[in-house]
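Inspection log for the structure reproduced underneath, given as C-alpha cells.
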Amino acid sequence: MRTLLFLLQKEFRQIFRDKAILRMIFVMPILQLVVLPWAADYEMKNIRLSIVDHDNSPYSQELVHKITASGYFLLNTYTQSFADAMHEVEEDRADLILEIPPRFERTLVRENEATLFMALNAINGVKANLGGAYLRTIIQDYNREVRLNWVQLPRFNPETRIEIVPSNWFNPFMNYQYFMVPGILVILVTLVGSFLTALNIVREKEVGTMEQINVTPIKKHHFILGKLIPFWILGLVVLTVGFFLSWVVYGIVPVGSFVTIYVFAAIYLLAVLGLGLLISSYADSQQQAMLISFFMMMVFILLSGLYTSIDSMPEWAQLVTLLNPVAYFIDVIRLVVLKGAGLSEIRQQLLTIIGFAVVLNAWAVFSYKKRS
Amino acid sequence: MSTAVKADNLEKRYGTKKEVTHALKGVSFEVERGELFGIIGPDGAGKTSLFRILTTLLVPEGGQAQVDGYDVVEDYREIRKRVGYMPGRFSLYQDLTVEENLKFFATIFHTTVGENYDLIKDIYEQIEPFKDRKAGKLSGGMKQKLALSCALIHRPSVLFLDEPTTGVDAVSRKEFWEMLRKLKEQGITILVSTPYMDEASLCDRVALIQTGEIMSINTPEGIIRDFENPLVAVKADNMFRLLKDLQSFPGLFDSYAFGEYHHAVLQKENQQQELQAYLQEQQHESLELQQIKPDVEDCFIALMKTDS
C-alpha cells in the first residue's frame, strides 16, 4: 500500500511537471470544446450560387431575392450566360447553378407551370446534396406563394393534402451542438484515458527506467495500478472540466443525472485504460504507440456515430461498431444528456463496457512482462 | 569465501530462424563474495546480455546461473531484492530531482535513505549540493554518481555495473574506480563490465570475453603472466611501411599498431637482434626498438589470435 501511494505520488509529480502533458490535458479539451462544435456544423451555410437569368422579369427577380434572403446562399454571379456560370463552377467559385429559362414569367402565368434548371457541383457531395435540397424547398415555397397570389383558395382545400410538420423530441430546435458537444467530450476522455497512458508507459520503456524498475522487487500489480489510477482520475477531471465548459459556453445541462454519466464514465475509463496498457505492452517506442493510437482513434471516431449515424452504415460496419467502446459511450452520453436516461435504460451498454474493461485489462496484464 | 555469482554454460540467442545472433555461447564463471570482478571485451561481445541474464531481465536459452545462491530463472524474485543494477545507459527519472530519485528507489526497495546512508555517503555527498536539481539536468559524471547511489540504496549484496565508465572523462573514470574500491571494502561483490582494457588491472579478477565466449579468466597479473612470447615495441619515421615490413619478418607471431609504437609479438626469445638487423636492412630511419612488458590489451589481442 505504501509502495502504491509512493508510486502515485511520483506519477502525479511527473505529470504536473510536464508542461506539455498538462497543456494537452487542460488546454486541448477547452480548445476542442469551444472551437470544434462551431466548426463541425451539419448545417450548410455559405453555399455559393450562380444564377443564370434569361428572363429578367419581376418574377425571376423575386425568386432570386427569396433565395438570397434565406441566408443559406451567397450569390456569386448573376449572369445571363450559362457558360459564364459554368466557368465559375470550374474555377471553384460556385457550388450551384440555377438557370431561369427565358419567358419564365410568361410560361408560369399562362401555362401554370414552368421549369427551372439546377446544376450541382458534386465534388463536395454533402454540400451539393444539402444545397440542392435547400434550393428545392425554397423554390417550392416560392411556388406556393405565387399561387396564393393568383388563386383565391377556397376555405377548405378541395384536394386532400397531407402536410408533415415534424416535431423534434429531446432536442426541439435540432441544435446540433447538443449532440456534438457531448460526443466530442467522449473523444477527449478516450484520448486522455488510453493514449496518454500508453505514451506514458512506453516513455518509461524508451528512457530505460522501465528496465531499472524491473530489477526491483516492485510488484506487477502495483506498477500497473500506479500507472492506471492517475490517468483514471485525470480522465474524470477532463470530463468534469468538459461538462463545466459545455454549460458555460453552450448552456448544456444534462437532462439525466450526473451520477449515471459518472458511473458509466468510471467504468468506461477502466476499459480505455486497459486499451492504453495493451498498446504500451506491444509498442516499443513512442512513435509506434503514437501511430497505433492514431490509427485506432481514426477508426474509433469514424465508426462511433459522432459524425455519421451508425444506423446508416453498411451492415458490416455496424458490426464493427459493436467492438468500438467509443460508440457505446457516445450513445450513452447522448441518451443521458438529451433524453435523461437513467442507469436502467443504459444497462445494456454498461454491461458491454464492463465486458470490454475486463477483457482488455486481463489481456494487457497478461501480456505485460517484467522480463523477456 | 563462498560464491556470489555462478554462471554455468549460459546460452543466449537473438533473432528469428533466418538471422540468429548468438550472443552467448556457453559462458561459465564464478565470482567470489566480496570480489571486484571485471568482464572485459569489445562492443558486441555479449557483456550486456550476460548482465541482463544475471539481473533476471532476460531468460537464458541454456545453462544455469545463480546469484547470491538463488537461481536466476526460478528465484528471480529473491534476486531482485538483493542485487543492484546500473545499466549502461542513464535510466533514472530525468524529470524527478536527485533527491526524489533516491527516495523513490529507496521506497520501492522497502527501505529508507537514512537506513543505508552510510553506504552511499561518500558518493552522495558529492551530488548533495544539487539535490533539488532534476536528474536530467545533471552532468554526465554526476548522473553516474546518482545512478550508483540509487543502485546501492538498498544495500545489495551483488552490484552489477554495465559499462559504467563508457563515455566518461578520464578523471571521472579514475574517481569511479576509487569509489568501487571503497564499496568492495564494505563487502559488496561487484561485477563490472567495460570495453577498456586498461581498467582490467583495477579489478581483482577479470574475464576476457569475445563474441559470446570467455577466452580467459584470471587475475590481471595472471593474464599478463600467461603471455609467453616476447613483446617488442618498434618505432620509425615511416610507421606504415614499418608495419608492412614487420609482417614480412619470418620470426613474427603477430604485429599491430599500438598508440605511438607498433607492437611485435615474436615467436621465440632472443629474436630481438635478428629483428633489428632485419629492419635496418629495410632502411628505416630513426628506428627505435625495445623489449616491453605486455599489458592486458596485448594479452587480449593474442588470445583473439589464438582463438581464430
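Each value in this text was obtained by applying a stated rule to the coordinates, not by laboratory testing. The structure presented is a predicted model; accordingly, all values stated were derived computationally and were not measured. All Cβ positions, glycine included, derive from the backbone under ideal geometry; neighbour counts span all protein chains shown.
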Next on the checklist: Just want the ordering: B:120, A:213, from fewest to most Cβ atoms lying within 10 Å of their own Cβ.
Outcome noted: A:213, B:120
Checklist entry - How far is it, in nm, from the label point at residue A:26 to the one at residue B:28 when both lie 7 Å from their Cα along the line to the Cβ? => result 6.3 nm
Item to check | Acute angle (nearest 10 degrees) that the helix B:170-185 long axis makes with the longest principal axis of chain B, alpha-carbon atoms | outcome: 60 degrees
Checklist entry - FRET efficiency for residue B:282 and residue B:221, Cβ-Cβ distance as r, R0 = 35 Å, nearest 0.05? => result 0.45
Next on the checklist: Using the Karplus curve 6.51 cos²θ - 1.76 cosθ + 1.60 with θ = phi - 60°, what ³J(HN,Hα) values do you get for each residue of segment B:252-268, in whole Hz, with x for Gly and Pro?
Outcome noted: 8, 9, 7, 8, 7, 6, 9, x, 6, 10, 9, 9, 10, 9, 9, 6, 10
Next on the checklist: Using the Cα centre of chain B as origin and beta-carbon charges of +1 (Lys, Arg) and -1 (Asp, Glu), tell me which of B:248, B:160, B:200 is placed farthest towards the positive end of the dipole.
Outcome noted: B:160
Checklist outcome for this item: If amide H atoms are modeled at 1.01 Å from N in the peptide plane, then the residues at a separation of 5 or more from residue B:97, or on another chain, having amide H under 5 Å from its own are B:135
Checklist entry - Hey, got the dipole for segment A:163-258? About the Cα centre, +1 on K and R Cβ, -1 on D and E Cβ, debye to the nearest 20? => result 380 debye
Item to check | Those GluC sites (Glu not before Pro) in segment B:239-308 that DSSP places in a loop and that have at most 12 other beta carbons within 10 Å | outcome: B:260, B:269, B:285
Checklist entry - Along the three principal axes, how long is the protein assembly as shown when you take its alpha carbons, biggest first, rounded to the nearest angstrom? => result 134, 67, 49
Checklist entry - Toward the positive end of the charge dipole of chain B, about the Cα centre and with charges on Cβ (Lys, Arg +1; Asp, Glu -1), which of B:277, B:215, B:59 goes farthest? => result B:59
Checklist entry - Which of the listed residues, A:312, A:236, A:277, is farthest toward the dipole's positive end in segment A:235-348, when Lys, Arg count +1 and Asp, Glu count -1 at the beta-carbon? => result A:236
Checklist entry - Arranged by the count of other C-beta atoms within 10 angstrom, fewest first, what order do B:245, A:311 take? => result A:311, B:245
Next on the checklist: Restricting to DSSP H runs of at least four residues, report the calculated mean residue ellipticity at 222 nm for the protein assembly as shown, -39500 (n - 2.57) per run over all residues, nearest 500 deg cm²/dmol.
Outcome noted: -15500 deg cm²/dmol
Checklist entry - Does segment B:3-224 come out rounded, prolate or oblate, given a ≥ b ≥ c as the square roots of the eigenvalues of its C-alpha gyration tensor, rounded meaning a/c under 1.5 and, failing that, prolate meaning a/b above b/c? => result prolate
Next on the checklist: Just to confirm the filter: which trypsin sites (Lys or Arg not before Pro) across segment B:233-308 are DSSP coil and have at most 12 other Cβ within 10 angstrom of their Cβ?
Outcome noted: B:268
Checklist entry - Any idea how far apart residue B:171 and residue A:168 come out in nm if each label point goes 7 Å out from Cα toward Cβ? => result 7.5 nm
Next on the checklist: Using Cβ counts within 10 Å as a stand-in for footprinting exposure, how do B:169, A:55 rank, fewest first?
Outcome noted: B:169, A:55
Checklist outcome for this item: Computed for chain A: size of charge dipole around the Cα centre, +1 on C-beta of each Lys and Arg, -1 on C-beta of each Asp and Glu, debye to nearest 20, value 2180 debye
Checklist outcome for this item: The set of residues whose placed amide H lies less than 5 Å from the amide H of residue B:292, leaving out same-chain residues fewer than 5 positions away, is B:231, B:232, B:233
Checklist entry - Relative to the Cα centre, what is the charge dipole magnitude of segment A:47-150, using +1 at the beta carbon of each Lys and Arg, -1 at the beta carbon of each Asp and Glu, and rounding to the nearest 20 debye? => result 340 debye
Next on the checklist: Ignoring chymotrypsin sites (Phe, Trp or Tyr not before Pro) that are buried or in helix or strand per DSSP, and keeping those with at most 10 other beta carbon atoms within 10 Å, what is the longest stretch of chain A between them?
Outcome noted: A:174-372
